[in-house]
Amino acid sequence: MARETGGVEHTRYRRLADQGLGVVLISHNMNDVLQVADRVACMYLGRLAADVPAAGATRDRPPASSSPE
């Protein structure tokens, strides 16, 4: 999907997820992520560092990461 930002796209992503479809949103913008995500996964140096429910993350406090192995 092309790079998109804004409320219309967020509504579309949320609607797709509510229909049971998997939606992967890749963004460095936590505001965008938290508007549509059920879960937030963070990567560091190409490895999964954290995977938590979106309720466990905020714009100023991303998910706590475990030490990458």
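The values are calculated or read from the model by the stated rules, or taken from the named source; none is laboratory data. Since we're looking at a predicted model, the values are computed, not measured. Every residue, glycine among them, receives a Cβ derived from its backbone with ideal geometry; neighbour counts consider all protein chains shown. Remember, those area values only see protein heavy atoms, side chains included, never the ligands or the DNA or RNA. Shrake-Rupley method; radii C 1.70, N 1.55, O 1.52, S 1.80 Å.
So here's what we get for this one:
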{"read-out": "Solvent-accessible area of D38 with every protein chain in place, 1.4 Å probe, in Å² to the nearest 10", "value": "100"}
{"read-out": "Efficiency of FRET from Cβ geometry, D18 and R59, R₀ 30 Å, rounded to 0.05", "value": "0.85"}
{"read-out": "Amide hydrogen neighbours beyond the local backbone of M43, cut-off 5 Å, H modeled", "value": "A49"}
{"read-out": "L21 - accessible surface, heavy atoms, 1.4 Å probe, Å² rounded to 10", "value": "100"}
{"read-out": "Accessible-area value, V36, 1.4 Å probe, nucleic acids and ligands omitted, Å²", "value": "20"}
